[in-house]
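Participant: Here it is: the structure, laid out below.
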Amino acid sequence: MLRDAWLVAGKDLRIEARSRVALNQVVPFAAAVILLFGLALGPDRSVLAPASAGLFWIAVLLSCLLATQRSFAVESADGARDGLRLSGLDPAGIFLGKAGAVVAELLVLEALLALGVAVLYGAHLTGGLVLAAVCVTATVGLAAVGIIYGAVASGLRVKETLLPLLFLPVAAPVLLAATKAWDEALAGTPSGGLGWLSLLAVFAVVYVTIGIVAFGPLLEES
Amino acid sequence: MAPAVRLREAVALAGRFPLLAGVSLEIDEGEVAHVRGPNGAGKTSLLRLCCGLVPLHSGEASVLGHDLAIDRRALRKHVGMLGHQSLLYEELTVEENLRYALRSFGLEIEQAGPAAARLGLAGRVSATPVGRLSAGQRRRTALAVLVARDPRLWLLDEPHAGLDQEGRELLDELIAESRAKGRTVLLCSHEHEHAAALSDRTVWLAGGQVVEEPASVA
């Protein structure tokens, strides 16, 4: 399973490195979201700084949607999805590999976005360890949910509109918990965010487990 | 010799639409069968059923000893499909696609180079992303994957389409070699005389069922 996961993640990241869709489209999209929130709320940093955690995670959530759609778009070109099904790969390995590639892309994006909210919103990135731990656990949960529902939607003609409809409500707890944990860390009380971090870890474990168990049937039947 | 493909009243559906409406068929291991019929007869669906891409709705279906009702995934390691699409990643090069395909089946990647060379894809072409290749070169790359894997059952859907004369002759050679090695080949083609010359027998399909050879053709 892990060998297959490594193979699939390597393939997806190689495709991304070559096509540069994440770099040329997802990163500018996330930057535009951060910028537009800034324009909507005005230049007053006393308003922007307290809202920066929530705005950061909304930008991550929307970017995860794009990264997930892209992850399945590379499988739909030239019948590659049939190739994926016909391959000897373990479906759990495919799930872990695709989720792992999305996690890697999003973590790079989050590092850039964190810099963005610090510069644009005047957020002080204190409690770095908790911030980083929240990023990792929340991103694993988001990627797992994205890949599960991406598989559900990818076999359908309405996949572009169906995926957000399926993904966003399920990902809402991650948005809430990650925002609360970041709020605590940015306010200088990172220990206050540990409870929310635990919730994120539970969410990630649950959805990674669901993905490992259910991805095979989802790939076959969708 | 045990049949490589054994279907009994096999039905496959797309929603409620019947793709195959009760196909009964036996293809022996090592046999090359030309599957012939008009558009919409169910030729492609038959191939997709035989590799487990289309689920069996009712009836019985066994391919290389694997019951398609319960064992579709295990079968796929032994089946190679060349369909209307090349099943390749456009951003990856010919060599990367070959290596990835071999690794995904747990095979040694050393076969990638000789297979690419056999299909005329060595050198600069091998390092070219598949998305930049011509349709014929993509077809050759998909064939190179099959050659490198050398599966027990080859499912070929209009395999000559898009190939130049040299490529067509090469494909004919590969089919003959597969037969000599005891591989089973199901060959769907509208180039009837050409396909018949490569095959041991012809299976006629119409309306999702196997039928007798039409009198107008016999």
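Participant: Which whole-angstrom value gives the distance between the alpha carbon centres of the stretch A:114-192 and the stretch A:6-41?
Facilitator: About 15 Å separates the Cα centre of the stretch A:114-192 from the one of the stretch A:6-41.
Participant: Also, I was wondering about something else. Where nothing but the Cβ of Lys and Arg (+1) and of Asp and Glu (-1) is charged, how large is the charge dipole of the stretch A:2-221 around its Cα centre, in debye to the nearest 20?
Facilitator: Numbers: 13 positive and 15 negative charges, 46 e Å.
Rounded to the nearest 20 debye, it is 220 debye.
Participant: Still on this model: Work out the charge dipole of the stretch A:2-221 with +1 on the Cβ of Lys and Arg and -1 on the Cβ of Asp and Glu about the Cα centre, then indicate which of A:LEU199, A:ALA114, A:ALA49 is farthest towards its positive end.
Facilitator: Most positive-ward Cα: A:ALA114.
Participant: Now for a different question. State the volume of the convex hull built on the alpha-carbon positions of the stretch A:2-221, expressed per residue in Å³ and rounded to an integer.
Facilitator: 110
Participant: Go through the stretch B:151-157 residue by residue and turn each phi into a ³J(HN,Hα) via Karplus (6.51, -1.76, 1.60, θ = phi - 60°); whole Hz please, and just put x for glycine and proline.
Facilitator: Those phi angles translate into x, 6, 10, 9, 10, 10, 10 Hz.
Participant: So for the protein assembly as shown, if I pair up every lysine 8 or more residues apart or on another chain, how many of those pairs have alpha-carbons under 30 Å apart?
Facilitator: 11
Participant: If you don't mind, there's one more thing I want to ask. If I model a spin label as a point 7 Å beyond the Cα along the Cα-Cβ vector, how far apart are those points for A:ARG3 and B:ALA69 in nm?
Facilitator: 3.3
Participant: What list of ³J(HN,Hα) couplings, whole Hz, do you get for the stretch B:64-80 from phi and the Karplus terms 6.51, -1.76, 1.60, once you set θ to phi - 60° and write x for glycine and proline?
Facilitator: For the stretch B:64-80, the Karplus-derived couplings read 6, x, 9, 6, 5, 6, 10, 9, 5, 5, 5, 5, 4, 5, 9, 10, x Hz, x marking Gly and Pro.
Participant: Across 20 Å bins from 0, what is the distribution of all Cα-Cα pair distances for the protein assembly as shown, in whole percents?
Facilitator: Going out from 0 Å in 20 Å bins, the protein assembly as shown shows 24, 47, 23, 7, 0 percent.
Participant: Follow-up. Please state the relative contact order of chain B as a whole percent: Cα pairs under 8 Å, 6+ residues apart?
Facilitator: Reported as a whole number, the value is 30 percent.
Participant: Only residues of the stretch B:32-52 count here: report those whose backbone N is under 17 Å from the spot 7 Å along Cα→Cβ of B:ALA21, or say none.
Facilitator: Output list for this probe position: B:37-46.
Participant: Please sort A:89-99, A:55-65, B:202-212 by packing, taking for each peptide the average over its residues of neighbouring beta carbons within 10 angstrom, highest first. Intermediate results must be reported in sequence, preceding the final value.
Facilitator: On the way: A:89-99: 25.0, A:55-65: 23.3, B:202-212: 17.2.
Per-residue Cβ counts within 10 Å, averaged per peptide and sorted highest first, yield A:89-99, A:55-65, B:202-212.
Participant: Using Cα atoms only, what is the angle between the long axis of helix A:128-154 and the major principal axis of chain A, expressed in degrees (0 to 90) to the nearest 10?
Facilitator: Compared with the principal axis, the helix lies near 40 degrees.
Participant: Assigning unit charges at the beta carbon (Lys, Arg +1; Asp, Glu -1) and nothing else, what dipole magnitude in debye, to the nearest 20, does the protein assembly as shown show about its Cα centre?
Facilitator: The dipole magnitude comes to about 660 debye.
Participant: Given the options B:ALA206, B:GLY182, B:HIS78, identify the residue whose Cα lies farthest towards the positive end of the charge dipole of the protein assembly as shown (+1 on Cβ of Lys, Arg; -1 on Cβ of Asp, Glu).
Facilitator: B:HIS78
Participant: How far, in degrees from 0 to 90, does helix A:45-76 lean away from the longest principal axis of the Cα atoms of chain A, to the nearest 10?
Facilitator: 10
Participant: Averaged over its residues, how many other protein chain Cβ atoms are within 10 Å of peptide A:84-95's Cβ atoms?
Facilitator: Rounded to a whole number, the mean comes out at 5.
Participant: In Å², rounded to the nearest 100, what is the total accessible surface buried by chains A and B against each other with a 1.4 Å probe?
Facilitator: Adding both sides of the contact gives about 2300 Å².
Participant: Work out the mean other chain Cβ neighbour count within 10 Å for the residues of A:14-20 and drop it here as an integer. Please report the intermediate quantities before stating the final value.
Facilitator: Details: counts 6, 6, 1, 1, 8, 4, 1.
If you average over the peptide's residues, the count of other-chain Cβ atoms is 4.
Participant: Provide the per-residue ³J(HN,Hα) series for the stretch B:124-129, in order, calculated from phi with Karplus coefficients 6.51, -1.76, 1.60 and θ = phi - 60°, each as a whole number of Hz, with x at glycine and proline positions.
Facilitator: Coupling constants for the stretch B:124-129: 5, 4, 4, 9, 9, x Hz.
Participant: What are the GluC sites (Glu not before Pro) within the stretch B:42-135 that DSSP puts in a loop, where the Cβ has at most 13 other Cβ atoms within 10 Å?
Facilitator: Passing sites in the stretch B:42-135 are B:GLU108.
Participant: What do you reckon, how do B:ARG124, A:ARG45, B:ARG149 stack up by accessible area (1.4 Å probe), largest on top? If you can, show how the numbers build up before the last one.
Facilitator: Working: B:ARG124 210, A:ARG45 120, B:ARG149 35 Å².
Ranking B:ARG124, A:ARG45, B:ARG149 by accessible area, largest first, yields B:ARG124, A:ARG45, B:ARG149.
Participant: When the helices in chain B are scored as -39500 (n - 2.57) per DSSP H run of 4 or longer and the sum is shared across all residues, what 222 nm value do you end up with, to the nearest 500 deg cm²/dmol?
Facilitator: Computed mean residue ellipticity for chain B: -9000 deg cm²/dmol.
Participant: Moving on. How much length, in nm to one decimal, is gained on full extension between B:ALA161 and B:HIS57, taken as 0.36 nm per residue of separation minus their Cα-Cα distance? Before the final figure, lay out the partial values.
Facilitator: Values: separation 104, 0.36 × 104 = 37.44 nm, distance 3.07 nm.
This chain segment gains 34.4 nm when fully extended.
Participant: Also, I was wondering about something else. Order B:MET81, A:MET1 by their accessible area, 1.4 angstrom probe, all chains in place, largest first. Don't skip to the end; give the middle numbers.
Facilitator: Details: B:MET81 30, A:MET1 95 Å².
Solvent-accessible surface, decreasing: A:MET1, B:MET81.
Participant: Tell me the angle of helix A:91-120 to the major Cα principal axis of chain A, expressed in degrees between 0 and 90 and rounded to the nearest ten.
Facilitator: For helix A:91-120, the angle is close to 20 degrees.
The values are calculated or read from the model by the stated rules, or taken from the named source; none is laboratory data. As the structure is a computational prediction, the values presented were derived from the model and not from experiment. Every residue, glycine among them, receives a Cβ derived from its backbone with ideal geometry; neighbour counts consider all protein chains shown. Surface areas here come from the heavy atoms of the whole protein model, side chains and all, with no ligands, DNA or RNA. Shrake-Rupley method; radii C 1.70, N 1.55, O 1.52, S 1.80 Å.
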